[in-house]
1. What number results when the radius of gyration of the range 354-447, computed over Cα atoms, is divided by 2.2 N^0.38 Å?
2. Between LEU271 and SER397, what is 0.36 nm times their sequence separation minus the Cα-Cα distance? Round to one decimal in nm.
3. Can you tell me, using C-alpha contacts under 8 Å and at least 6 residues apart, the relative contact order of the chain as a whole percent?
4. Apply the Kirkwood formula to the range 269-412: the hydrodynamic radius equals the inverse of the mean of 1/r over all pairs of different alpha-carbon atoms; give it in Å with one decimal.
5. State the volume of the convex hull built on the alpha-carbon positions of the range 164-302, expressed per residue in Å³ and rounded to an integer.
6. Give the accessible surface of the chain per residue, rounded to a whole number of Å², with probe radius 1.4 Å and ligands, DNA and RNA excluded.
7. Please report Rg (one decimal) and Dmax (integer) in Å for the Cα set of the range 85-238.
8. How are the C-alpha pair distances of the chain spread across 20 Å bins, as whole percents from the shortest bin up?
Amino acid sequence: MENVEKAVETVVVGNYVEMESEGKDSDMKSKLSNLFWHGGSVYDAWFSCASNQVAQVLLTLPYSFSQLGMLSGILFQLFYGLLGSWTAYLISILYVEYRTRKEREKVNFRNHVIQWFEVLDGLLGKHWRNVGLAFNCTFLLFGSVIQLIACASNIYYINDNLDKRTWTYIFGACCATTVFIPSFHNYRVWSFLGLLMTTYTAWYLTIASILHGQVEGVKHSGPSKLVLYFTGATNILYTFGGHAVTVEIMHAMWKPQKFKSIYLFATLYVLTLTLPSASAVYWAFGDLLLNHSNAFALLPKNLFRDFAVVLMLIHQFITFGFACTPLYFVWEKLIGMHECRSVCKRAAARLPVVIPIWFLAIIFPFFGPINSTVGSLLVSFTVYIIPALAHIFTFRSSAARENAVEQPPRFLGRWTGAFTINAFIVVWVFIVGFGFGGWASMINFVHQIDTFGLFTKCYQCPPPVMASPPPISHPHVNHTRGL
């Protein structure tokens, strides 16, 4: 058995290691480049998964707790954390299966990044490819939009001299610089720093809320309405559905078959950030969060809060790159630029991808409600339903199960247990996530449009303080005139 695993490892790693080891120099410049720029280890993948998963949702989870209530908020985080880890595992299994089959056919992936729709195409055919491509690209498009909206929402709490729409213009230009980052292989230092930033922010939210204490007359009435309840639940579904970039992260690894449990360990760490912070902020502010989807809005302005805002801005730039890089790859393949070795030419070719993201962030600046809408309509299929169904159909025949590169865990009941879990995920997410969640989040989203309008200049901004008019001076009237 051990020899078989080693043989599989050799096949899977194959050309990728050769590609990455070509032309390596031993000089200091090369060593520094490898240290900060070229990441492909298990630790790099863990940092990428954890950093990508806990982005701006850290600031909207207290809002979800106000919709769900404390107990449901905690239980849904644990539940969807497990579901997300399982479907990430399924995606990794399907990637390894696809890559192993192709490399046995002597297919060379040099200068080519494998993506999820290609895995579906190779294992299940073009119809699965088309569905996977449509859902994945749409989700990543709106995932990038959400990061851009979050940038504008956060910076406003430091500098409100400009409205949020103007900040969206500015940060759209800043985030466009991610076109120069070739692949996930080059996010080593950014993933590490990103996780440090969100760790600081999570514990700032927790400690600041506890020190602030409960506001006077605080109420914790959630869950009060079914619409709010399922809206909050789908935001958590979105939180733990960040593995739409799993295949690209795996392809950046030197040994992709070691990814299997990385997402689970990343999720466990993320829970140590999301559970305390969301619980503490909801405990302190209660129902006030129903009208403040960004947790920063209720915490007092001070140096610690401003530092957390700046860190989250940098992290959202990183997460924008995470969400947008797979879209860059798809666009490059479409126009025939994917195997181009010139970074500048590829960067120029990628720029058109940023324009619709910029535009959509200006149309729908609804930070918080847009998360739930994307979660119910896109995440539910992209990273839960489609991977579960793809695993079932890929290994539906006994021959496919016998020749599978990776067998399901024995403690889960092998194939019977795996298929049972997959079927449960499909039914649950379709009914609760897509069905009830889609209904609730769309009602809430339409309510935001009715209340604030499309292209709103400053979403959920406090009304401007009107300066009191100067006193009217009456001219002196000479009543004795004419007497």
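1. Working: Rg = 17.9 Å, N = 94, 2.2 N^0.38 = 12.4 Å.
Expressed relative to 2.2 N^0.38 Å, the Cα Rg reads 1.45.
2. 41.6 nm
3. 30 percent
4. Computed over Cα pairs of the range 269-412, the Kirkwood hydrodynamic radius comes out at 20.0 Å.
5. Expressed per residue, the convex hull around the Cα atoms of the range 164-302 is 155 Å³.
6. Using a 1.4 Å probe on heavy atoms only, each residue of the chain averages 44 Å².
7. Expressed in Å, the Cα Rg and Dmax of the range 85-238 come to 21.4, 69.
8. Histogram of Cα-Cα distances, whole percents per bin: 23, 54, 18, 3, 2, 0, 0.
The values are calculated or read from the model by the stated rules, or taken from the named source; none is laboratory data. Remember, it's a predicted structure, so these values are computed and weren't measured experimentally. So basically every Cβ, Gly included, is an ideal-geometry build from the backbone, and we count neighbours across all protein chains shown. Note: areas computed on protein heavy atoms with side chains; ligands, DNA, RNA excluded. Shrake-Rupley method; radii C 1.70, N 1.55, O 1.52, S 1.80 Å.
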